[in-house]
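> I am attaching a structure below and will ask some questions about it afterwards.
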Amino acid sequence: MENSVKRELPDELMDKLDYKPFETVDFGNPEIQRVAPKVRATTGKDKLVDSLEKAVTDNVKDGMTISFHHHFREGDYVFNMVMRIIIDHGYKDLTLAPSSLTNTMNDITIEAIEKGVVTNITSSGMRGTLGDAVSHGALENPVIFRSHGGRARAIEEGDIKIDVAFLGVPNSDEMGNANGMDGETAFGSLGYALMDAKYADKVVLITDNIVDYPNTPASIEQTQVDYVVKVDKVGDPDKIGSGATRFTKDPKELKIAQTVNNVIVHSPYFKDGFSFQTGSGGAALAVTRFLRQSMIDNGITASFALGGITKPTIDLLEEGLVKKVMDVQDFDKGAAQSMKSNRDQQEISATWYADPANKGAMVDKLDVVILSALEIDTDYNVNVMSGSDGVIRGAVGGHQDAATAKLTIISAPLVRGRIATVVPEVTTNVTPGDSVDVLVTEVGIAINPKRQDLIDALKDVPGVPVYTIEELQQMAEAKVGKPEPLEYTDRTVAMVEYRDGSIIDTIKEIKD
Amino acid sequence: MEIKKTAIAGTLESSDVQIMLSQGTDGIQFNLESDVEKQYGKAIKATVADVLKAYGVDNANVKIVDKGALDMVIKARAIAATQRALDIVDEPMWEVL
């Protein structure tokens, strides 16, 4: 069958996994029955345990779904600790359902796949050796990639039923009241883990820092927690978030950032009380800096900044240029450390952030978002999942969710090395072109023809030449040449859900 | 023309290509390393082969370590490596350039 973005989907798998093809970015107003977790009642006397091994073996059984969060990012010790025990005990047929997978989790995940311990994975993304292994068919069942909002929806609707959640925290009391803000391994917002804490049948907190009861503020509550396990170290503070974020000196990135800022300022959304989301990455951080100056020059403040937060955004909060920071995760130390001292930096869960299947998510109120792309095609579809060599090397993240903003800007260079970014057809379609409005490159911008209002607003901005996206694609091709088409086998190694749970694309096994 | 000595041109910097030519007896033999081999392997070899042909080189071992170079860079490095290998740097074949 084919979906509405002309991707051919494998009928057999679609039937077997009970999936519908992607149709539209409009979620509508369906009525949804949520699921609830099982609860084993306790007064809490038996919660605090010394042995992670016992917490694993008492609760995990073959065939179960286990979950983790990725807030410790590349400094995570918890995933490796738990998976080591699980592999050594010879468990079989587990489903791994983390919020995402970072590089530090790759080796042990590959080992778990090779030994048949893990036979299913759902994640926001994967990179490096794991992405390579999966792209070459290491896992028998296809990986399911979901956006952060999509994962929240899937958990609430029971598409992901978490049996045991292993959640590392930088502090907890003996009953399981915990937050992400305090302690040596503080990472700030616990946003993604809040879903697991609320919906998993068993919740095992893992910490190196037992604090006095009762621990406040409590992002995870004692009512949700079955066990609190004390270990030596939950993570490496130096690798949790990047250190001080450097301002890019790359002239190409600066040009793109300046143009993004020009697009925002000349759009109808740049007015007092507007809201925005920038991501991480050199150009996005530079945009924040240009935007700051434009806000000062025009006497404009923002009602909120959303999503993954960095220090430059916190600076705007402290200067009063942004009223609230709605924070689902923190990308650097500056953002992580400010949360505990600034009550306008509000921790939000994945569902509050980005889930379409609730009574309104933050992204529904978002005016402007700046997103990146590995590739964007002439229908404005965006790929953030697979490289131009067909190998999985990215994550959906909040891309699909935030792209529903009123003004969605994709910032990307025309080419990276010999790889074109603007292409005739994306390798993997992650975010449908219907939700994308403007592409900003170093040579100029392209505006989605569906947005005549933006074409009118942006057609005469000094220093911002407007091209058709086909023209930008041809410029890219003139530089790098026409690539040979990739060769795949018939086997599906991953399915990419749109945020509503339909299938927007699949990824095939790469032929080498 | 016969290759007189092993010669190299280019660096291993991003967006550059390093090309090494040495004597061969069995036509043009390629050994290519590139991150974009799947998409551009054939194009890279064709560009270098065209340069060698223009210089009349029929036998050579060609080692290419590509770091995502654009076609014009590959051509320039191939010309430099060939002139060095043929020992004609002081008297380049202008008609090829």
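All of the numbers you see were taken from the coordinates with simple rules; none came from a lab. All of these numbers come straight from a predicted model, not from anything done at the bench. Please note: Cβ atoms are built from the backbone with ideal geometry, for glycine as well, and neighbour counts cover all protein chains shown.
> Please state the shape class of the range A:159-275: rounded when a/c is under 1.5, otherwise prolate if a/b exceeds b/c and oblate if not, all from the C-alpha gyration tensor.
prolate
> I would also like to ask the following. Quick one: if you stick a label point 7 Å off each Cα along the C-beta vector at residue A:232 and residue A:470, how many nm between them?
Each label point lies 7 Å from its Cα, and together they span 6.4 nm.
> Another one. In µm²/s, what is D for the range A:251-481 at 37 °C and 0.692 mPa s, where D = kT/(6 pi eta Rh) by Stokes-Einstein and Rh is the Kirkwood radius from Cα pairs?
Here the translational diffusion coefficient equals 185 µm²/s.
> Follow-up question, since we're still on this one. Regarding the range B:7-88, what is the average projected area of its C-alpha convex hull, in nm²?
The number I arrive at for the range B:7-88 is 4.6 nm².
> Give the angle, between 0 and 90 degrees and rounded to the nearest 10, that separates the Cα long axis of helix B:37-54 from the longest principal axis of the Cα atoms of chain B.
For B:37-54 against chain B, the angle is about 10 degrees.
> Using a 10 angstrom Cβ neighbour count of at most 16 plus a DSSP loop assignment to flag exposed trypsin sites (Lys or Arg not before Pro), which longest range of chain B is free of such sites?
Maximal segment without exposed cleavage sites: B:6-97.
> Past 21 Å, Cα to Cα: identify those pairs from A:54/A:233; A:115/A:202; B:4/B:53; A:198/A:324, in the order given. Present the calculation step by step, with values, prior to reporting the outcome.
Values: A:54/A:233 18 Å; A:115/A:202 25 Å; B:4/B:53 16 Å; A:198/A:324 25 Å.
Violating the 21 Å limit, Cα to Cα: A:115/A:202; A:198/A:324.
> For labels at residue A:92 and residue A:478 in the simple 7 Å Cα→Cβ model, what's the distance in nm?
Placing both labels 7 Å beyond Cα along the Cβ direction yields 6.1 nm.
> In addition: So which trypsin sites (Lys or Arg not before Pro) in the range A:13-94 are both in a DSSP loop and have at most 15 other Cβ atoms within 10 Å of their Cβ? Walk me through the numbers on the way to the answer.
Values: sites: A:16, A:34, A:38, A:40, A:45, A:47, A:54, A:61, A:73, A:84, A:92; in loops: A:34, A:38, A:40, A:45, A:47, A:61, A:92.
Here the sparse-neighbourhood loop sites are A:34, A:38, A:40, A:45, A:61, A:92.
> Pop a pseudo-label 7 angstrom from the Cα along the beta-carbon direction at both residue A:157 and residue B:71 and give the gap in nm to one decimal.
4.7 nm
> Counting other C-beta atoms within 10 Å, which of B:6, A:65 has the fewest, and how do the rest follow?
B:6, A:65
> Sticking with this one: Treat every Asp and Glu Cβ in the protein assembly as shown as -1 and every Lys and Arg Cβ as +1, leave all other atoms uncharged, and give the resulting dipole magnitude about the Cα centre to the nearest 20 debye.
760 debye
> In deg cm²/dmol and to the nearest 500, what is the mean residue ellipticity at 222 nm of chain B if only DSSP H runs of at least 4 residues count, each as -39500 (n - 2.57), divided by the residue total?
Numbers: 2 runs with 33 residues, N = 97.
Calculated from helices alone, the mean residue ellipticity at 222 nm is -11500 deg cm²/dmol.
> Right, something else. Going by how many other Cβ atoms sit within 10 Å of their own, how do A:49, A:480, B:96 line up, fewest first? Present the calculation step by step, with values, prior to reporting the outcome.
On the way: A:49 16, A:480 22, B:96 13.
Ordered from fewest to most neighbouring Cβ atoms within 10 Å, A:49, A:480, B:96 come out as B:96, A:49, A:480.
> Once every DSSP H run of n ≥ 4 in chain A is given -39500 (n - 2.57) and the sum is divided by its residues, what mean residue ellipticity at 222 nm do you get, rounded to the nearest 500 deg cm²/dmol?
-7500 deg cm²/dmol
> Provide A:74, A:497, A:12 in ascending order of the number of other Cβ atoms located within 10 Å of each residue's Cβ, fewest first.
Neighbour counts put them in this order, fewest first: A:12, A:74, A:497.
> Hey, another quick one. So if R0 is 25 Å, what FRET efficiency would residue A:511 and residue A:16 give, r being the distance between their Cβ atoms, rounded to the nearest 0.05?
0.60
> Where the convex hull is taken over the Cα atoms of the protein assembly as shown, what is its projected area averaged over directions, in nm²?
Averaged projected area of the protein assembly as shown's Cα convex hull equals 30.2 nm².
> While we're on this one: Which FRET efficiency value, to the nearest 0.05, do you get for residue A:487 and residue A:31 by plugging their Cβ-Cβ distance into 1/(1 + (r/R0)^6) with R0 = 56 Å?
Efficiency, rounded to the nearest 0.05: 0.80.
> For a Förster distance of 41 Å, can you work out the FRET efficiency between the beta-carbons of residue A:221 and residue A:323, rounded to the nearest 0.05?
The pair residue A:221/residue A:323 has a calculated efficiency of 0.90.
> Okay, moving on. Using alpha carbons only, how many angstrom separate the centre of the range B:44-97 from the centre of the range A:113-182?
Going from one Cα centre to the other spans 50 Å.
> Another question, if that's okay. On a 0 to 90° scale, report how tilted helix B:71-85 is relative to the longest principal axis of chain B, with both axes built from alpha carbons and the result rounded to the nearest 10.
Roughly 30 degrees, rounded to the nearest 10.
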